[in-house]
Amino acid sequence: MREAITVRAALRRAQAVLDNEQAAKRLLADCLEQTWGWVSLHHDNALDAHQQTRLDNWLARAQAGEPLAYVTGRMGFWTLDLQVTPDVLIPRPATETLVEQALILGGNSPQQVLDLGTGSGAIALALASERPQWQLVGTDTNPAALNIAKANARACEITNAQFVQGDWFGAVHGQRFNGIVCNPPYIDPADPAVADSVRGFEPHAALFSADAGLADLRHVITGAPAHLTAGGWLAVEHGYKQAGQAGPVGKLFADAGFAEVSTHKDLEGHPRVTTGRSPANHD
Ligand SMILES: C[S@@+](CC[C@H](N)C(=O)[O-])C[C@H]1O[C@@H](n2cnc3c(N)ncnc32)[C@H](O)[C@@H]1O
(Lines give C-alpha, C1' and ligand atoms only; values in the text may rest on other atoms or scores of the structure.)
Protein backbone atom coordinates (compact mmCIF):
# COMPACT_ATOMS: atom_id res chain seq x y z
CA MET A 1 0.00 0.00 0.00
CA ARG A 2 1.21 3.53 -0.83
CA GLU A 3 2.07 5.89 1.97
CA ALA A 4 -0.51 8.68 2.27
CA ILE A 5 0.76 12.17 1.42
CA THR A 6 -0.38 15.38 3.08
CA VAL A 7 -2.00 18.39 1.43
CA ARG A 8 1.31 20.22 1.99
CA ALA A 9 3.26 17.57 0.08
CA ALA A 10 0.61 17.42 -2.65
CA LEU A 11 0.83 21.20 -3.07
CA ARG A 12 4.61 20.98 -3.39
CA ARG A 13 4.26 18.31 -6.10
CA ALA A 14 1.66 20.31 -8.00
CA GLN A 15 3.81 23.44 -7.79
CA ALA A 16 6.84 21.59 -9.11
CA VAL A 17 4.84 20.48 -12.18
CA LEU A 18 2.87 23.66 -12.83
CA ASP A 19 5.52 26.18 -11.73
CA ASN A 20 2.72 28.43 -10.45
CA GLU A 21 1.52 28.59 -6.85
CA GLN A 22 -2.01 29.76 -7.66
CA ALA A 23 -2.56 27.18 -10.39
CA ALA A 24 -1.25 24.45 -8.05
CA LYS A 25 -3.66 25.47 -5.31
CA ARG A 26 -6.58 25.68 -7.76
CA LEU A 27 -5.82 22.23 -9.19
CA LEU A 28 -5.48 20.68 -5.74
CA ALA A 29 -8.72 22.27 -4.53
CA ASP A 30 -10.58 20.82 -7.56
CA CYS A 31 -8.85 17.46 -7.13
CA LEU A 32 -9.91 17.24 -3.47
CA GLU A 33 -13.36 18.73 -4.27
CA GLN A 34 -12.71 21.42 -1.69
CA THR A 35 -12.49 25.19 -1.78
CA TRP A 36 -9.30 27.17 -2.24
CA GLY A 37 -9.64 28.34 1.39
CA TRP A 38 -9.94 24.76 2.67
CA VAL A 39 -6.63 23.85 1.01
CA SER A 40 -4.91 26.76 2.78
CA LEU A 41 -6.27 25.70 6.17
CA HIS A 42 -5.66 21.92 5.99
CA HIS A 43 -2.00 21.46 5.08
CA ASP A 44 -1.62 18.53 7.49
CA ASN A 45 -4.61 16.53 6.21
CA ALA A 46 -3.80 13.31 4.36
CA LEU A 47 -5.09 12.53 0.85
CA ASP A 48 -7.01 9.27 0.57
CA ALA A 49 -6.01 6.67 -2.06
CA HIS A 50 -8.61 7.86 -4.58
CA GLN A 51 -7.50 11.51 -4.27
CA GLN A 52 -3.86 10.52 -4.61
CA THR A 53 -4.52 8.51 -7.79
CA ARG A 54 -6.51 11.40 -9.25
CA LEU A 55 -3.71 13.85 -8.41
CA ASP A 56 -1.13 11.58 -10.12
CA ASN A 57 -3.33 11.37 -13.20
CA TRP A 58 -4.04 15.13 -13.35
CA LEU A 59 -0.39 16.10 -12.91
CA ALA A 60 0.69 13.66 -15.63
CA ARG A 61 -1.86 15.19 -18.02
CA ALA A 62 -0.77 18.73 -17.13
CA GLN A 63 2.86 17.74 -17.66
CA ALA A 64 1.93 16.44 -21.13
CA GLY A 65 0.70 19.95 -22.01
CA GLU A 66 -3.08 19.49 -21.62
CA PRO A 67 -4.74 22.79 -20.60
CA LEU A 68 -5.60 22.83 -16.89
CA ALA A 69 -9.26 23.60 -17.60
CA TYR A 70 -9.61 20.27 -19.43
CA VAL A 71 -7.64 18.45 -16.71
CA THR A 72 -9.88 19.74 -13.92
CA GLY A 73 -13.01 20.08 -16.09
CA ARG A 74 -13.67 23.59 -14.71
CA MET A 75 -13.16 27.18 -15.92
CA GLY A 76 -14.20 30.46 -14.36
CA PHE A 77 -15.86 32.93 -16.74
CA TRP A 78 -17.50 36.22 -15.73
CA THR A 79 -19.02 35.34 -12.33
CA LEU A 80 -19.69 31.71 -13.27
CA ASP A 81 -17.86 28.45 -12.57
CA LEU A 82 -18.36 26.46 -15.78
CA GLN A 83 -17.88 22.82 -16.72
CA VAL A 84 -15.61 22.39 -19.75
CA THR A 85 -14.65 19.29 -21.73
CA PRO A 86 -12.56 18.89 -24.91
CA ASP A 87 -15.85 19.28 -26.85
CA VAL A 88 -15.87 23.01 -26.06
CA LEU A 89 -13.47 25.92 -26.37
CA ILE A 90 -12.07 27.01 -23.00
CA PRO A 91 -13.73 30.41 -22.39
CA ARG A 92 -11.12 33.21 -22.52
CA PRO A 93 -10.91 36.35 -20.35
CA ALA A 94 -10.88 38.47 -23.56
CA THR A 95 -14.41 37.26 -24.32
CA GLU A 96 -15.62 39.10 -21.20
CA THR A 97 -15.14 42.27 -23.30
CA LEU A 98 -17.82 40.91 -25.66
CA VAL A 99 -20.13 40.32 -22.67
CA GLU A 100 -19.52 43.88 -21.39
CA GLN A 101 -20.34 45.42 -24.79
CA ALA A 102 -23.49 43.31 -25.19
CA LEU A 103 -24.70 44.42 -21.74
CA ILE A 104 -24.16 48.07 -22.70
CA LEU A 105 -25.86 47.70 -26.11
CA GLY A 106 -28.85 45.81 -24.74
CA GLY A 107 -29.34 47.95 -21.66
CA ASN A 108 -31.94 47.06 -19.08
CA SER A 109 -35.01 46.57 -21.26
CA PRO A 110 -36.27 43.02 -21.92
CA GLN A 111 -34.45 41.62 -24.96
CA GLN A 112 -34.35 38.47 -27.08
CA VAL A 113 -30.65 37.81 -27.61
CA LEU A 114 -28.95 35.22 -29.81
CA ASP A 115 -25.50 33.74 -29.00
CA LEU A 116 -24.20 32.07 -32.17
CA GLY A 117 -21.59 29.32 -31.55
CA THR A 118 -22.25 29.12 -27.83
CA GLY A 119 -19.78 26.31 -26.97
CA SER A 120 -19.84 25.92 -23.16
CA GLY A 121 -22.64 28.53 -23.06
CA ALA A 122 -20.21 31.02 -21.50
CA ILE A 123 -21.48 34.20 -23.21
CA ALA A 124 -25.19 33.29 -23.17
CA LEU A 125 -25.06 32.30 -19.49
CA ALA A 126 -23.06 35.38 -18.44
CA LEU A 127 -25.65 37.60 -20.18
CA ALA A 128 -28.58 35.60 -18.80
CA SER A 129 -27.19 35.82 -15.26
CA GLU A 130 -26.68 39.61 -15.50
CA ARG A 131 -30.03 40.31 -17.19
CA PRO A 132 -32.78 38.04 -15.81
CA GLN A 133 -35.23 40.06 -17.95
CA TRP A 134 -33.49 38.92 -21.18
CA GLN A 135 -34.20 35.66 -23.02
CA LEU A 136 -31.08 34.03 -24.46
CA VAL A 137 -30.87 31.52 -27.29
CA GLY A 138 -27.49 29.79 -27.71
CA THR A 139 -26.72 27.78 -30.84
CA ASP A 140 -23.97 25.45 -31.98
CA THR A 141 -23.44 22.81 -34.65
CA ASN A 142 -21.87 20.50 -32.07
CA PRO A 143 -24.48 18.58 -30.02
CA ALA A 144 -21.85 17.61 -27.42
CA ALA A 145 -21.14 21.32 -26.82
CA LEU A 146 -24.86 22.02 -26.44
CA ASN A 147 -25.10 19.31 -23.77
CA ILE A 148 -22.32 21.05 -21.82
CA ALA A 149 -24.06 24.43 -22.22
CA LYS A 150 -27.35 22.96 -20.93
CA ALA A 151 -25.56 21.30 -18.00
CA ASN A 152 -23.90 24.63 -17.15
CA ALA A 153 -27.27 26.42 -17.25
CA ARG A 154 -28.72 23.83 -14.83
CA ALA A 155 -25.69 23.96 -12.51
CA CYS A 156 -25.78 27.79 -12.43
CA GLU A 157 -29.58 27.70 -11.95
CA ILE A 158 -30.10 29.89 -15.03
CA THR A 159 -33.55 29.47 -16.54
CA ASN A 160 -33.66 32.31 -19.12
CA ALA A 161 -31.37 30.60 -21.65
CA GLN A 162 -32.19 27.83 -24.12
CA PHE A 163 -29.93 26.02 -26.55
CA VAL A 164 -30.59 24.92 -30.14
CA GLN A 165 -28.52 22.95 -32.63
CA GLY A 166 -27.85 24.29 -36.13
CA ASP A 167 -25.44 25.79 -38.63
CA TRP A 168 -25.21 29.53 -37.80
CA PHE A 169 -28.58 31.18 -38.68
CA GLY A 170 -29.98 27.79 -39.78
CA ALA A 171 -30.72 27.16 -36.08
CA VAL A 172 -33.07 30.17 -35.89
CA HIS A 173 -34.65 30.18 -39.33
CA GLY A 174 -37.12 33.08 -39.76
CA GLN A 175 -36.56 34.48 -36.23
CA ARG A 176 -35.49 38.01 -35.32
CA PHE A 177 -33.68 39.15 -32.17
CA ASN A 178 -33.01 42.46 -30.41
CA GLY A 179 -29.32 41.56 -30.24
CA ILE A 180 -26.83 39.01 -31.57
CA VAL A 181 -23.49 38.09 -30.00
CA CYS A 182 -20.96 35.80 -31.62
CA ASN A 183 -17.45 34.60 -30.86
CA PRO A 184 -16.92 32.56 -34.01
CA PRO A 185 -13.83 30.55 -35.03
CA TYR A 186 -11.49 33.25 -36.37
CA ILE A 187 -7.94 31.90 -36.37
CA ASP A 188 -6.18 31.63 -39.73
CA PRO A 189 -5.43 27.88 -40.16
CA ALA A 190 -1.97 28.91 -41.47
CA ASP A 191 -1.16 30.99 -38.35
CA PRO A 192 2.17 29.59 -37.09
CA ALA A 193 1.79 31.30 -33.70
CA VAL A 194 -1.03 29.10 -32.34
CA ALA A 195 0.18 27.52 -29.07
CA ASP A 196 0.60 23.70 -29.00
CA SER A 197 -1.77 23.51 -26.00
CA VAL A 198 -4.45 25.19 -28.16
CA ARG A 199 -3.86 23.43 -31.52
CA GLY A 200 -3.29 20.06 -29.84
CA PHE A 201 -6.22 20.00 -27.41
CA GLU A 202 -9.02 22.44 -28.30
CA PRO A 203 -11.69 21.59 -30.94
CA HIS A 204 -10.51 22.78 -34.36
CA ALA A 205 -14.10 23.62 -35.39
CA ALA A 206 -14.09 26.20 -32.57
CA LEU A 207 -10.75 27.73 -33.56
CA PHE A 208 -10.06 27.88 -37.27
CA SER A 209 -11.87 29.57 -40.13
CA ALA A 210 -11.00 29.77 -43.84
CA ASP A 211 -10.05 32.94 -45.68
CA ALA A 212 -7.41 34.05 -43.14
CA GLY A 213 -9.90 33.46 -40.32
CA LEU A 214 -12.61 35.71 -41.77
CA ALA A 215 -15.01 33.22 -43.43
CA ASP A 216 -17.32 32.65 -40.44
CA LEU A 217 -17.18 36.31 -39.36
CA ARG A 218 -18.27 37.29 -42.90
CA HIS A 219 -21.13 34.76 -42.85
CA VAL A 220 -22.40 35.94 -39.46
CA ILE A 221 -22.09 39.70 -40.08
CA THR A 222 -23.64 39.49 -43.56
CA GLY A 223 -26.53 37.33 -42.35
CA ALA A 224 -27.24 39.26 -39.13
CA PRO A 225 -29.50 42.09 -40.46
CA ALA A 226 -32.12 39.55 -41.58
CA HIS A 227 -32.27 38.23 -37.98
CA LEU A 228 -32.35 41.57 -36.13
CA THR A 229 -35.32 43.74 -35.25
CA ALA A 230 -35.13 47.40 -36.39
CA GLY A 231 -32.35 49.10 -34.41
CA GLY A 232 -31.07 45.72 -33.16
CA TRP A 233 -27.41 45.29 -32.29
CA LEU A 234 -24.58 42.94 -33.25
CA ALA A 235 -21.38 42.32 -31.27
CA VAL A 236 -18.65 39.96 -32.52
CA GLU A 237 -15.26 38.94 -31.21
CA HIS A 238 -12.33 38.75 -33.65
CA GLY A 239 -8.56 38.42 -33.82
CA TYR A 240 -5.98 41.14 -33.57
CA LYS A 241 -2.71 39.47 -34.57
CA GLN A 242 -0.63 40.09 -37.69
CA ALA A 243 -2.60 42.34 -40.05
CA GLY A 244 -5.49 42.35 -37.55
CA GLN A 245 -9.14 41.65 -38.27
CA ALA A 246 -10.66 44.86 -36.87
CA GLY A 247 -10.31 46.68 -40.24
CA PRO A 248 -11.87 43.98 -42.45
CA VAL A 249 -14.54 43.27 -39.82
CA GLY A 250 -15.48 46.97 -39.58
CA LYS A 251 -15.83 47.04 -43.37
CA LEU A 252 -18.06 43.94 -43.28
CA PHE A 253 -20.30 45.73 -40.74
CA ALA A 254 -20.49 48.84 -42.96
CA ASP A 255 -21.14 46.79 -46.12
CA ALA A 256 -23.99 44.97 -44.31
CA GLY A 257 -25.60 48.37 -43.54
CA PHE A 258 -24.72 48.61 -39.82
CA ALA A 259 -24.52 52.06 -38.20
CA GLU A 260 -22.60 53.18 -35.07
CA VAL A 261 -19.82 50.69 -35.91
CA SER A 262 -17.04 50.70 -33.34
CA THR A 263 -14.19 48.46 -32.20
CA HIS A 264 -13.40 47.87 -28.52
CA LYS A 265 -10.17 46.80 -26.85
CA ASP A 266 -9.86 43.86 -24.46
CA LEU A 267 -8.13 44.18 -21.08
CA GLU A 268 -4.75 43.62 -22.73
CA GLY A 269 -5.38 46.55 -25.06
CA HIS A 270 -6.01 44.49 -28.22
CA PRO A 271 -8.81 45.53 -30.63
CA ARG A 272 -11.00 42.49 -30.01
CA VAL A 273 -14.71 43.24 -30.32
CA THR A 274 -16.65 45.12 -33.01
CA THR A 275 -20.24 46.29 -32.53
CA GLY A 276 -22.90 48.00 -34.60
CA ARG A 277 -26.61 48.72 -34.87
CA SER A 278 -28.90 47.57 -37.60
CA PRO A 279 -30.57 50.49 -39.39
CA ALA A 280 -34.04 51.35 -38.03
CA ASN A 281 -35.63 50.53 -41.41
CA HIS A 282 -34.50 47.38 -43.11
CA ASP A 283 -36.16 44.50 -44.89
C1 LIG B 1 -14.57 30.31 -30.66
S2 LIG B 1 -15.75 29.10 -30.14
C3 LIG B 1 -16.73 30.09 -29.02
C4 LIG B 1 -17.37 29.31 -27.89
C5 LIG B 1 -18.03 30.19 -26.82
N6 LIG B 1 -19.03 31.06 -27.40
C7 LIG B 1 -16.99 31.04 -26.13
O8 LIG B 1 -16.89 32.23 -26.41
O9 LIG B 1 -16.25 30.50 -25.29
C10 LIG B 1 -16.76 28.98 -31.59
C11 LIG B 1 -17.97 28.07 -31.46
O12 LIG B 1 -18.67 28.10 -32.71
C13 LIG B 1 -19.15 26.81 -33.01
N14 LIG B 1 -19.33 26.71 -34.47
C15 LIG B 1 -18.41 26.48 -35.42
N16 LIG B 1 -18.98 26.46 -36.64
C17 LIG B 1 -20.31 26.68 -36.44
C18 LIG B 1 -21.44 26.79 -37.31
N19 LIG B 1 -21.30 26.63 -38.63
N20 LIG B 1 -22.65 27.05 -36.76
C21 LIG B 1 -22.78 27.22 -35.41
N22 LIG B 1 -21.75 27.12 -34.54
C23 LIG B 1 -20.53 26.87 -35.05
C24 LIG B 1 -18.06 25.88 -32.47
O25 LIG B 1 -18.56 24.56 -32.27
C26 LIG B 1 -17.67 26.60 -31.18
O27 LIG B 1 -18.43 26.15 -30.09
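The values are calculated or read from the model by the stated rules, or taken from the named source; none is laboratory data. This one's a predicted model, so the numbers in the text were calculated from it and none came from an experiment. Here Cβ is always computed from backbone atoms with ideal geometry, including for glycine, and neighbour counts include all displayed protein chains. For accessibility, only protein heavy atoms count, side chains too; no ligands or nucleic acids. Shrake-Rupley method; radii C 1.70, N 1.55, O 1.52, S 1.80 Å.
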Suppose every K and R has +1 on its Cβ and every D and E has -1 on its Cβ; what is the size of the dipole of the chain about the Cα centre, in Debye to the nearest 20? 220
Along the charge dipole of the chain, which of Gln175, Gln111, Ser278 sits closest to the positive end, that is, farthest toward it, with unit charges on the beta carbon of Lys, Arg, Asp and Glu (+1, +1, -1, -1)? Gln111
Here the residues of region 199-216 lying in the modelled label zone of Asp255, meaning backbone nitrogen under 14 Å from a point 7 Å along Cα-to-Cβ, are 211-216
Lys, Arg +1 and Asp, Glu -1 on Cβ, resulting dipole of region 78-134 about Cα centre, debye, nearest 20: 80
Difference of contour (0.36 nm per residue) and Cα-Cα distance, Gln22 to Thr222: 67.7 nm
Given a 1.4 angstrom probe, what's the average accessible area per residue across the chain, in square angstrom? 47
At 7 Å along Cα-to-Cβ for each site, give me the label-to-label distance between Ala230 and Arg74 in nm. 4.9
With +1 on each Lys and Arg Cβ and -1 on each Asp and Glu Cβ, and nothing else charged, work out how big the dipole of region 7-64 is about its Cα centre, in Debye to the nearest 20. 100
Per 0.36 nm of contour for each residue apart, how much would the distance between Arg2 and Thr53 grow if the chain were fully extended, relative to their Cα-Cα spacing? 17.3 nm
Percent accessible area from carbon and sulfur atoms, region 7-64, protein chains only, probe 1.4 Å: 47
Per DSSP H run of at least 4 residues, take -39500 (n - 2.57); add these up for the chain, divide by its residues and hand me the 222 nm value, nearest 500 deg cm²/dmol. -11000 deg cm²/dmol
Any lysines whose Cα falls less than 28 Å from that of Lys265, other than same-chain ones fewer than 8 residues away, would be Lys241, Lys251
Leaving out ligands, DNA and RNA, and with a 1.4 Å probe, what % of the accessible surface on region 120-274 is carbon or sulfur? 52
Descending packing, highest mean Cβ count within 10 Å first, for 33-41, 96-104 is 96-104, 33-41
